[in-house]
Amino acid sequence: METLRNSYFTQKQLKWFKILFTILIVLGIFFRLTNIEGKIYWHDEVYTSIRAGGHLAQDVYKNGFNDRIVSINELQKFQDIKSESTVLDTIHSLIEEDPQHPPLYFVLARYTLMSFGNTLTSHRILAIFFSLLAILLIYLFTFDLFQSKLVSSFSAILLSLSPFDVIFAQTDRQYSLLTLVTIFSSWMLWKSLTKSSLINWIFYTLACTLGLYTQPFFGLTLFSHFFIVIYHWFSLKKSKSYFIQFSISILITVILYIPWIYIIITHFQNVLMLTNWVYFEQSPIFLVKLWILNFSSLFTDFFVGMDNPLTFLYRLLFIIIIYLAFSTLYRQANRFIFSFIFILMIVPFGILVIPDLFFGSFRTVVTRYLIPCYPPIQIAVAYYLSQQIITNSKLGKLIILFVLINGIIFSTLITFAETSWAKVPSYYNAETAKQINQITSPLVISDRGDSSTNLGEIISLSYMVKKDTQFLLTSEPLNQEKLANILKTSSSNFLVFQPSQKLRLSLEKLNYRLDSLFAAGNLYQLTKQPNNQ
């Protein structure tokens, strides 16, 4: 068994490596625990809280968007536990309005909210916990793969400093849990295939069940596991008992998942409606650009614009490192280890990329959809970096320095930033809130919006605007008489946020003009025009 005390480390170097490892892991923890409440509460996070609290979005619309002025406290009550609700209300909210999302994370988020109260920190602490646990699990998984503390240390460091993982560690969605169960299930499969035992297969079955109840895209990981087992059986001439045991585990997993399969089938039209946004044909060049951005986001967040070649030239360096990592793994590692890690990465991507190339969807450009691919990439790169230490390569050490410095710099920038690329459609909400906060006694007028995203956006804004900010949220259909009366009697300064075309026309009929206050085009000053215009 290889340890850190091998010949490539002197005693002094070993001491410094342990110190460096500790510092980098602590940095990763720091990135996840710092400035938790200073970041935009993303549109999707708002809906996590609505579901966790046991609310229905239709009830929020009914009570909030009804042609009356509401306060910040009134809006944010929909982010707290609904009075007299139970965990069944959380599950019911998902079934009725969001059936493509299984309930595990939302149920856990409910209990977290009950324990810690309605604050941004309490909303996000669950995702942070899962992200921290993932650092430990990838270390243990990698050590089981290679029996090397050096490789496992690098894998933990890469996950710890990953800009992508830092962003989603502080995001109240199920993505850090998906990373965790992806690592956990793959680790349990490895243990089951290399040292078959009842307890290992039980843990594998548990991990797969948790994975499916976390996110349907975990099914991509299960497909990769199937191909791994097939390879293990045929190419390595192993006993078919492994395949039988694996099949039993998957069968039990599917049986345990049947309740949610039934919900997806019975609400399939709703699922299709909520996911049809992924069907938007893109050019092959656009797809390639986004793949470069997505896979390099594990190591860097460098971005100077989609039309600037420097963005992609810089990020291509990390794609090259990923290629070198798998190439080195293929040449130097055990054949089964290479195939295990490579299949874990390539199968999920392949399943997603085929419809993108041939059926006009764009799932592979959504970075978080590729989460099943990411841990095996980080493990492969960890192995590659460890080999640079072992071979004492000067170029290799520069590559290590380059990777670590990128992780530190961009994770630091992400930690202290208010927004990030992952916050669409809420990306500009921090700047919008600053514009609102410059206005005395603001009354922000809005409706559901043309794309029906304003509920999440308005509650997101409520966390960043001054406490005296009020909102006038119009009904659907709009009651023009009520709107006119409020505008006539209120002494507030009127602003309009992301109005639908119907709201714009109604305001124009009431002789009001909308003047843009923000380059993003989502906030307007409302001005009464003279009657003769």
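Details
- Taken together, the residues in the stretch 206-237 that are open to solvent by less than 30 Å² (accessible area, probe 1.4 Å), closer than 27 Å to Phe268 by Cβ, part of a helix (DSSP H, G or I) and not aliphatic (A, V, I, L, M) amount to 8.
- Residues that are polar (S, T, N, Q), open to solvent by 70 Å² or more (accessible area, probe 1.4 Å) and over 23 Å from the mean Cα position of the chain (by Cα) are absent from the stretch 425-435 altogether.
- Across the stretch 485-496, the qualifying residues are those that are assigned to a helix (DSSP H, G or I) and touching a residue at least 12 places away in the same chain (Cβ under 8 Å), and the one among them that is most open to solvent (accessible area, probe 1.4 Å) is Ile486.
- Of the candidates Ile40, Ile69, the single residue that is outside any helix (DSSP H, G or I) and buried (at least 21 other Cβ atoms within 10 Å of the Cβ) is Ile40.
- Checklist (1) among the small types (Gly, Ala, Ser); (2) open to solvent by 10 Å² or more (accessible area, probe 1.4 Å); (3) within 27 Å of Arg110 (Cβ to Cβ) applied to Ser196, failing item: (3)
- Pairs, first over 11 Å from Thr469 (Cα atoms) and at pLDDT below 95 in the stretch 435-450, second assigned to a loop (DSSP other than H, G, I, E, B) and among the acidic types (Asp, Glu), C-beta under 9 Å, six or more apart: Asp447/Glu476; Arg448/Glu476
- Qualifying positions in the stretch 392-418 - of a type in the set (S, T, N, Q) and either free of Cβ contacts under 8 Å to residues at least 40 places away in the same chain or touching a Ser or Thr at 6+ places or on another chain (Cβ under 7 Å) (or both): Ser393, Asn406, Thr415
- Entirely in the stretch 120-200, the helices (runs of 4 or more DSSP H) that have 1 or more residues that are more than 29 Å from Phe243 (Cα to Cα), touching a residue at least 40 places away in the same chain (Cβ under 8 Å) and hydroxyl-bearing (Ser, Thr, Tyr): 120-146, 149-161, 175-194
Listed here are the residues, each with its yes/no results for (1) over 18 Å from the mean Cα position of the chain (by Cα); (2) without any contact (Cβ under 8 Å) to a residue 60 or more places away in the chain.
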| position | (1), (2) |
| --- | --- |
| Arg315 | yes, yes |
| Tyr323 | yes, yes |
| Gln332 | yes, yes |
| Phe342 | yes, yes |
| Gly350 | yes, yes |
| Leu357 | yes, no |
| Arg363 | no, no |
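- Looking across the stretch 46-100, the residues that are within 24 Å of Ser441 (Cα to Cα) and among the hydrophobic types (A, V, I, L, M, F, W, C) come down to Phe65, Ile69, Val70, Ile72, Leu75, Phe78.
- Odd one out for Lys482 among (1) open to solvent by 10 Å² or more (accessible area, probe 1.4 Å); (2) outside any helix (DSSP H, G or I); (3) in contact (Cβ under 8 Å) with a residue 60 or more places away in the chain; (4) within 22 Å of Lys62 (Cα to Cα): (2)
- Matching residues in the stretch 121-152 - criterion: being touching a Lys or Arg at 6+ places or on another chain (Cβ under 8 Å) and either hydrophobic (A, V, I, L, M, F, W, C) or crowded, with 21+ Cβ neighbours inside 10 Å (or both): Ala127, Ile128, Ser131, Leu132, Phe143
- Any hit, the stretch 92-100, residues being at pLDDT 95 or above, assigned to a loop (DSSP other than H, G, I, E, B) and open to solvent by 30 Å² or more (accessible area, probe 1.4 Å): no
- Residue in the stretch 374-395 that is in contact with a Pro (Cβ under 8 Å, 6 or more places away or on another chain), buried (at least 18 other Cβ atoms within 10 Å of the Cβ) and closer than 25 Å to Leu180 by Cβ present: no
- Top-ranked residue of the stretch 444-474 - restricted to ones that are more than 16 Å from Thr432 (Cα to Cα) and under 22 Å from the mean Cα position of the chain (by Cα), ranked as surrounded by the most Cβ atoms within 10 Å (Cβ to Cβ): Ser452
The values are calculated or read from the model by the stated rules, or taken from the named source; none is laboratory data. Since we're looking at a predicted model, the values are computed, not measured. For neighbour counting, all protein chains shown are included, and Cβ atoms are generated from backbone atoms with ideal geometry for every residue, glycine included. Accessible surface areas use protein heavy atoms only, side chains included; no ligands, DNA or RNA. Shrake-Rupley method; radii C 1.70, N 1.55, O 1.52, S 1.80 Å.
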